[in-house]
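These notes concern the structure reproduced below.
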Amino acid sequence: MQVNEYAGYSNNDFLRSGGAQGSEELGKNQFLELMLAQVENQNPLEPTDNQEFVAQLAQFSSLEGIENLNESIGLLSGDFRSNLALQAGSLVGRSVLVPTDQTLMSGKGIVGDIGVPSSASSVSVSISDAFGNPVKTLELGSQKFGAVRFTWNGLNEQGEAMEPGIYRIHASASIGGEIQEVPVDLPEQVVSVSLTDQGIRLNLSGGNSVAIGEVKEIQ
């Protein structure tokens, strides 16, 4: 685009100032305003080259298309977030399987999953109460790679029924002769939903919260 004078400003000055509206970026209205000013103030002896003018029109069309696309994406993103929030709200009161190390045992025991990273010669689950006192150890024997389901019937080592409450659960596996901790997915009841800057999070009865994308199973 040629450098012409427009109300005491060159095109470069106009770009730096952001146009008549003083914005930081050149919008489509300011761009069109600048093009019209160039045509009105061009030197009659050296008019704007047709190819250059067509190139400027193409640039304007691209700018308008990008702005419209950004607006459409923004609307779609808002609709998607609203729909996701509605779906998350429907989970309140439901039990979901999520990665956590503690859960609320209602008196009927706990059924969860263990993520075994590779074939293990032995896998065990350690259950303790909310204060860290050992309650029960489950020996699951050798297991192959993948999710391994376990069940705790709510009884301690002496066969006594434990009171309902928060219990902590950890799992370990012997892999290649080394004992390593492995992840656990436990059932939790969703008590509420939070909309945060990081996305939608489910607040659980055990006191933890997880992102909605971490839900492994809806029970």
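Every number in this text was worked out from the coordinates using simple rules, so none of it is lab data. Since the structure is predicted, the reported quantities are computational estimates derived from the model, not experimental observations. Note: ideal-geometry Cβ built from the backbone for every residue, glycine included; neighbour counts use all protein chains shown.
Most exposed first by the Cβ proxy, i.e. fewest other Cβ within 10 Å, how do L97, L36, L138 rank?
L36, L138, L97
At a 10 Å Cβ-Cβ cut-off, how would you order I218, I200, fewest neighbours first?
I218, I200
Whole-Hz ³J(HN,Hα) for each residue in the range 137-152, computed from phi via Karplus 6.51 cos²θ - 1.76 cosθ + 1.60 with θ = phi - 60°, x for glycine and proline: what do you get?
The phi angles translate into 10, 9, 9, 9, x, 6, 9, 8, 4, x, 7, 10, 7, 10, 9, 10 Hz.
Quick one: order K108, K216, K136 by neighbouring beta-carbon count within 10 Å, fewest to most. Don't skip to the end; give the middle numbers.
On the way: K108 9, K216 15, K136 18.
Lowest to highest Cβ neighbour count: K108, K216, K136.
Using DSSP to define loop residues, name the GluC sites (Glu not before Pro) in the range 140-215 whose beta-carbon has at most 15 other beta-carbon atoms within 10 Å.
Here the sparse-neighbourhood loop sites are E157, E160.
If you filter the range 119-219 for chymotrypsin sites (Phe, Trp or Tyr not before Pro), then keep DSSP loop positions with at most 12 other Cβ within 10 Å, what is left? Don't skip to the end; give the middle numbers.
Numbers: sites: F131, F145, F150, W152, Y167; in loops: F131, F145.
Answer by residue number: F131, F145.
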